[in-house]
Amino acid sequence: MAYKLFIPGPIEVSEKTYKAMSQAIVGHRSKDFSALVGRIMPDLQNLFYTKDPVYLSTSSSWGVMEGSLRNVVQKGVLNCGNGAFSDKWYDVSKRCGLNAEMLQFDWGKPVDPEAVRKALSTGKFDAITIIHNETSTGTMSDIKALMEVIREFPDVVSIIDTVSSFSGMPIKKDELGIDVMMAGCQKAMAIPPGLAFLSVSQKAMERAKKTEGRGYYFDFLEFQKFWEKNQTPSTPVISLIYALESKLEDIKNEGLEKRYARHLENNKIVREWGYGYGFELFPEEKYGSITLNCFKNNLDIDIAAVNEELKKRFNMMFNCGYGKIKGKTFRISNMGDETPETMRELLGNLDTILPEFIKK
Ligand SMILES: Cc1ncc(COP(=O)(O)O)c(C=O)c1O
């Protein structure tokens, strides 16, 4: 059943990472575990470009996305929606019983800073959620412009999902003034799913201290208490933390700038390839994600059949669209350890399949 994943997470995991995961388990209250967390933390903070703590959450990203709402929202939250995951965040806010409003943009459009300014100016909100890289549509919003606007509202806590852009490009948390920033391990970090990262500013922590109903599992105060001991509140997914240590070592060896440049180059290779067939990008080009490409299926081919063929003949898979644009779009990830060579291998395989499916 082994096939290589070019879906936008989870993605291909290296042998080195799998090997790191097979190290013997230690107790999570042991000195060995604290030493492990102590070793990785500076590098993890470096990747977040932050001096704030980064918490290790044994959950998928939704855990910390929901948890963050419950820690900081008192008055009301503005959920900016422009795709499946960001739209869902509004639904999650309501399920948490919060006073939530949706600032809706068409799928494939970025979150517009002016619209954010207008909505926050109403004074109804003390928190905002934005997904930097909407994976469902391959759309990346201008986080710098958005944070410039949000910083005009000191009472608003910014909760920014960088789940599928983190470590594929620099997102400088402290410089941008992001309060709560989260990422998942199974995207550009190329670790098997199950671990999420969460960095919380002092301002967000102060808010959490005065917020009722934070619960336990994702309580910022619990995370902080144990972070100070290089531990986690409950038994963590230790094998994935070994994987994280190994991946941070890979990133250090490659160098951040080279890593970002590689993601960009891989992304461009796929985009040009798609254009070569006449596929259009789903978002406007300048808002196209750099960790994946979401193309419109404007040639109207049986994209699912292409994918099945790719799996059968070449042991590889991409993704045939998400949510309401399933089948109407397809997505190819270039996250993680991929290189121009491995991307070209995928595209070369697709080249042998696609012509049979393209209507003359
Ligand atoms: C941008 C973004 N946010 C949140 C999620 C949810 O992540 P998870 O399913 O790991 O909780 C995803 C999943 O693909 C995502 O792409």
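The values are calculated or read from the model by the stated rules, or taken from the named source; none is laboratory data. What you are looking at is a predicted structure, and each value in this text was computed from that prediction instead of being measured. Positions of Cβ are generated from backbone atoms using ideal geometry, with glycine treated the same way; all protein chains shown enter the neighbour counts. Protein only, heavy atoms only, side chains kept; ligands, DNA and RNA dropped before computing areas. Shrake-Rupley method; radii C 1.70, N 1.55, O 1.52, S 1.80 Å.
Quick notes on this structure:
- Leading residue by the ranking (surrounded by the fewest Cβ atoms within 10 Å (Cβ to Cβ)) among those in segment 322-360 that are among the hydroxyl-bearing types (Ser, Thr, Tyr) and not in a helix (DSSP H, G or I): Thr339
- Counting only strands (runs of 3 or more DSSP E) that sit wholly inside segment 13-116, those with at least 1 residues that are hydroxyl-bearing (Ser, Thr, Tyr) are 54-57.
- Only one of the numbered conditions (1) open to solvent by less than 30 Å² (accessible area, probe 1.4 Å); (2) touching a strand residue (DSSP E or B) at 6+ places or on another chain (Cβ under 7 Å) is not met by Arg207, and that is (1).
- Scanning segment 218-229 for residues that are assigned to a loop (DSSP other than H, G, I, E, B) and buried (at least 17 other Cβ atoms within 10 Å of the Cβ), we see that the one that is nearest to the ligand (Cβ to nearest atom) is Phe218.
Yes/no matrix, rows are residues, columns are (1) surrounded by fewer than 19 Cβ atoms within 10 Å (Cβ to Cβ); (2) out of contact with any helix residue (DSSP H, G or I) (no Cβ under 6 Å at 6 or more places or on another chain); (3) of a type in the set (D, E, K, R):
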{"site": "Tyr3", "(1), (2), (3)": "yes, no, no"}
{"site": "Asp32", "(1), (2), (3)": "yes, yes, yes"}
{"site": "Gly38", "(1), (2), (3)": "yes, yes, no"}
{"site": "Thr50", "(1), (2), (3)": "no, no, no"}
{"site": "Tyr55", "(1), (2), (3)": "no, no, no"}
{"site": "Gly63", "(1), (2), (3)": "yes, yes, no"}
{"site": "Gly67", "(1), (2), (3)": "no, yes, no"}
{"site": "Val72", "(1), (2), (3)": "no, no, no"}
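- Tally of residues being more than 14 Å from the ligand (Cβ to nearest atom), touching a residue at least 40 places away in the same chain (Cβ under 8 Å) and in a loop (DSSP other than H, G, I, E, B) across segment 158-183: 3
- Leading residue by the ranking (nearest to Met1 (Cα to Cα)) among those in segment 265-300 that are part of a loop (DSSP other than H, G, I, E, B) and open to solvent by less than 10 Å² (accessible area, probe 1.4 Å): Thr291
- Within segment 138-180, being open to solvent by 10 Å² or more (accessible area, probe 1.4 Å) and either closer than 24 Å to Lys268 by Cα or in contact with a Gly (Cβ under 7 Å, 6 or more places away or on another chain) (or both) holds for Met140, Asp142, Ile143, Lys144, Ala145, Arg151, Val163, Met169, Pro170, Lys172.
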